[in-house]
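Only one structure is covered here, and it is reproduced in the block below.
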Amino acid sequence: MQITGAKALVTGSNRGLGRAFVEALVARGASTVYATARRPELIDTPGVTPLHLDVTDAASIAAAASRVGELDILVNNAGISTPSTLLGDHLDNIRREFDTHFWGTLNVTRAFAPRLAGGAILNVISALSWYVYGPTSNGYAAAKAAEWSLTNGLRIELADQKTQVTALALAIADTDMMAAYDIPKLPPAEVVAMALDGLEAGKLEVIGDPVTANVKAALAGDPAAFYADVPAALFGQAPGSDTR
C-alpha cells in the first residue's frame, strides 16, 4: 500500500492519534484526506476535507459514505474510554465501548469495504486487547479484545479483494485519553509514523510501544505469572524494582 497519491479517510480526527494520522497522511502525499469527527467544525488541519461521521450512528455512516467517492485507505481510529466495570450497577458504559470500538469499526468498514479493493484498512486496537489492568478498564478492554478479533476476521473476509487489514496496537501515547496518567508517553506523531510505515510495508500488525510488546510476548506464558506482578510484566522490570 502506497500512501502517496492515495485517498484516505480517518475516523475520530479532531484530536490525539486521529489528528496525527490526518497530518501524517497529508505530509506523505495522500491526494485526499477525509478527516471525520462528530464535530467536524473542530478539525483545523490544513489540506484535509472535514466530514461529519459518528461511528455509532448508522445514518451518519451512510451519509458520510455517500459523500466519499473512491477510497484507498480507511483508518478506524475513533474511540472512547469510560469507567466501566463488568459487574457494576449499570451496563451503559460497556455498551458505549462496544458501540464505538466493535460495532462502530464494523459498521464503518462495511460501508466502505466495497471501494477498498486493492487498498488497506488500519484499525487502532490496544494492549488492553490482550490483558486487563484494573476493574474500571474492563469494559474498554473487552471491547478492544473484540475489535482485535474483528480485525483478524475482516482480514480473512477481505483477502479475495486484496484489501490489506493492519492492526495498530499500543498502550501509552500522549493523548487526551491518557492525560490523567503521569507516566512517560510516546508523541502521537511517533506512533502514527510507525503505523503508516508498517502499513506501507504490508505488515498485518504494528506494535506501537514497549509496553504492548511485553504484553503480546506474555500471551505465550502462564497468565498467573503475568498477573502476579502486572507492573513488572508491563515495563519489563524485575518484581519489586523501581520503575521511575
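The amide H of THR166, built 1.01 Å from its N in the peptide plane, has ILE121, LEU122, ASN123 as neighbours under 5 Å, considering only residues 5 or more places off or on other chains.
Note on the chain: with neighbouring protein chains present and a 1.4 Å probe, carbon and sulfur make up 54 percent of its accessible heavy-atom surface.
Any idea what the alpha-carbon Rg over 2.2 N^0.38 Å comes to for segment 23-104? The partial results should precede the final answer.
Numbers: Rg = 15.3 Å, N = 82, 2.2 N^0.38 = 11.7 Å.
Here the answer is 1.30, to two decimals.
Heavy-atom accessible area for TYR227, with the other protein chains in place and a 1.4 Å probe, reaches approximately 110 Å².
A simple rule links phi to the HN-Hα coupling: the Karplus curve 6.51 cos²θ - 1.76 cosθ + 1.60 with θ = phi - 60°, which for segment 9-23 gives 9, 10, 8, x, 9, 7, 6, x, 4, x, 4, 5, 4, 5, 4 Hz, with x for Gly and Pro.
Using θ = phi - 60° in the Karplus curve 6.51 cos²θ - 1.76 cosθ + 1.60, the 3J(HN,Hα) couplings for segment 48-53 round to 10, 10, x, 8, 6, 7 Hz; x is entered for Gly and Pro. Amide H to amide H distances under 5 Å link THR82 with TYR140, where only residues 5 or more positions off or on other chains count and H is placed in the peptide plane.
Can you figure out the FRET efficiency of ASP57 with LEU91, using R₀ = 22 Å and their beta-carbon distance, to the nearest 0.05? Provide the component values of the computation, followed by the final result.
Numbers: r = 20 Å, r/R0 = 0.90.
After rounding, the FRET efficiency stands at 0.65.
Sequence-ordered 3J(HN,Hα) estimates for segment 80-92 from the Karplus curve with 6.51, -1.76 and 1.60 and θ = phi - 60° stand at 9, 9, 10, x, 10, 8, 7, 10, x, 6, 10, 9, 4 Hz, glycine and proline given as x. Relative to the longest principal axis of the Cα atoms of the chain, the long axis of helix 58-67 makes an angle of roughly 40 degrees.
Give the residues of segment 62-92 whose amide nitrogen is closer than 15 Å to a point set 7 Å from the Cα of ARG15 in the direction of its Cβ. The answer is 78-82, whose backbone nitrogens lie closer than 15 Å to the label point.
For the chain, what log10 I(q)/I(0) values come out of the Debye formula at q = 0.09, 0.15, 0.16 1/Å, with one point per alpha carbon and no solvent? For the chain, the Cα-only Debye profile gives -0.37, -1.04, -1.17.
Which length gain, in nm to one decimal place, applies between GLN161 and ALA193 when the Cα-Cα distance is subtracted from 0.36 nm times their residue separation?
8.9 nm
The values are calculated or read from the model by the stated rules, or taken from the named source; none is laboratory data. Everything numeric here is computed off the predicted structure, so don't read it as measured data. Glycine gets a Cβ as well: all are built from the backbone with ideal geometry, and neighbour counts include every protein chain shown. Each accessible area value is taken on the protein alone, full model and side chains, heavy atoms only, with ligands, DNA and RNA left out. Shrake-Rupley method; radii C 1.70, N 1.55, O 1.52, S 1.80 Å.
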